[in-house]
Amino acid sequence: MKIGILTQPLHSNYGGLLQAWALQQTLVRRGHEAIIINRIWHSNPYPMWRRCLSFVKNELYIALGKRKRYLRVTNDLKEFSEQYVRMFRQNRYRGISPDIRTNEELIDYVRQQNFNAYIVGSDQVWRPMYSPNLMTYFLDFVKNDNSVKKIAYAASFGVDNWEFSEDQTLEAAQLAPQFDLITVRESSGIDLVAKYLKCHASHVLDPTLLLKRDDYLKLIENPTCGLINPDGQLFCYVLDDAPILSEAVKSCESSTGFKSYFCNYSTPIGKIKSKKNKDECVVPPVEQWLKSFDEAKMVVTDSFHGVVFSIIFNKPFWVVSNHSRGAARFTSLLRLFSLENRIVSDPSKIDWEMPIDWKSINILHDRLKEASLSILDTQLKQ
């Protein structure tokens, strides 16, 4: 079967890149041809008034001496910062479309490809703030076409409350019943689908959890670029700085004696002062990120996929729930594996050396993986 995978724009998010790779790998190994449809933002997602206001405020802060002037973020600078990400997309995916910016381009592309099925997922494809043209992820471009399979695999709303506008809800509720299968990544998504889309949904694993640790080790052993050994034992994968995260890292270091290390750019792209400093904004290779988990003795993270890969690599981890990026993702995953006690709310009260029963976790993981694959296979074999 020829399948088009529709997921979030594939930029510098490690989890996003790897969930797409994992889903494609899973489908290919099961005898299908799978192509990732790289739908990206047509332009800056923020309205012009908001961009103008942001520009004026920034210039005012600079004039008042409250902010420094940084190098303007251009397409060239962004391309430079994501050079290793681009290498991963080019060398690791078994098939990926050109960048698709509009629904017109999307319709032209899928007409040429003659897909037998579409799979929407995973990641937060059903969260309005993250998805370029939300209805694309409800397959509006093939509505009323009964000749193709329509599947949502581990689609995520990110949160446990409804963020769609009234118009979005009405349109999504018309499109959702046309799906042959709807599965969601968070247990709370089952209720959201039932209440607002009037459909049934099943709970399945994120695609990254459908593969084994050995699958990811092969990426590390055959990298597309040079890797370095992490200098430390405590891997800290942090998306958003917060005081509690700094406290957690310091407390963990003090208690365990582990030295912390990171796998991030050293300076955000919007904070580069001159072209001489542009190397500081380069996003490390995906394989380096995976190696960071493999080498770690412990992990502290505020990332959903930071938790996922800690589980895959059997590394004791601690998580600070990232509410702005969607807390439901964390609670659902941790509850699934009975690991709610790994959430950090007060770093001073944590027993940082509290063990995890990995034997039980791995047995449960295998069972959940087989159940998720069975649900997917049942539809794709029909």
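The values are calculated or read from the model by the stated rules, or taken from the named source; none is laboratory data. All figures in this text were calculated on a predicted structure; none of them were measured in a lab. FYI the Cβ positions are ideal-geometry reconstructions off the backbone, even for glycines, and counts take in every protein chain you see. For accessibility, only protein heavy atoms count, side chains too; no ligands or nucleic acids. Shrake-Rupley method; radii C 1.70, N 1.55, O 1.52, S 1.80 Å.
A compact table of results
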read-out	value
Computed helical MRE - 222 nm, the chain, DSSP H runs ≥ 4 contributing -39500 (n - 2.57), nearest 500	-12000 deg cm²/dmol
Distribution of pairwise C-alpha distances over the stretch 288-342, 5 Å bins, in %	5, 21, 35, 22, 14, 4
Descending semi-axes in Å of the stretch 107-154, equivalent ellipsoid built from Cα gyration tensor	20, 12, 9
Net charge dipole size for the chain [Lys, Arg +1 and Asp, Glu -1 on Cβ; Debye, nearest 20]	800
Chain lengthening between Asn103 and Glu353 when straightened (0.36 nm per residue, less Cα-Cα)	84.9 nm
Solvent exposure of the stretch 228-382 as accessible area per residue, Å², 1.4 Å probe	46
Sulfur and carbon atoms: percent of accessible area, the stretch 198-341 [1.4 Å]	48
FRET efficiency, Ser187 to Asn362 (Cβ-Cβ, R0 25 Å, nearest 0.05)	0.75
Three principal axis lengths of the chain [C-alpha, angstrom, descending]	58, 56, 41
Overall Cα dimensions of the stretch 173-280 - principal axes, largest extent first, Å	52, 40, 37
Spin-label model distance (nm) - Glu370 vs Ser254, 7 Å beyond Cα toward Cβ	4.6
Theoretical gain in end-to-end length, Trp41 to Arg72 [0.36 nm per residue, Cα-Cα removed]	9.2 nm
Relative packing of peptides 95-104, 284-293, 196-205 - highest average C-beta neighbours within 10 Å first	284-293, 196-205, 95-104
The stretch 126-167, accessible area per residue, ligands and nucleic acids excluded (1.4 Å, Å²)	39
Projected-area average for the stretch 241-356 over all orientations - Cα convex hull basis, square nanometres	8.0
Efficiency of FRET between His32 and Gln90 - r from beta-carbon atoms, R0 22 angstrom, step 0.05	0.55
Estimated FRET transfer efficiency when R0 is 35 angstrom, pair Asn116-Asn264 (beta carbons, to 0.05)	0.30
Equivalent ellipsoid semi-axes - Cα gyration tensor, the stretch 94-210, angstrom	22, 16, 14
Rounded to whole Hz, the Karplus (6.51, -1.76, 1.60) HN-Hα couplings of the stretch 12-17, x for glycine and proline	9, 8, 4, x, x, 5
Label-point gap, in nm, between Glu166 and Leu227 - each point 7 angstrom along Cα→Cβ	5.3
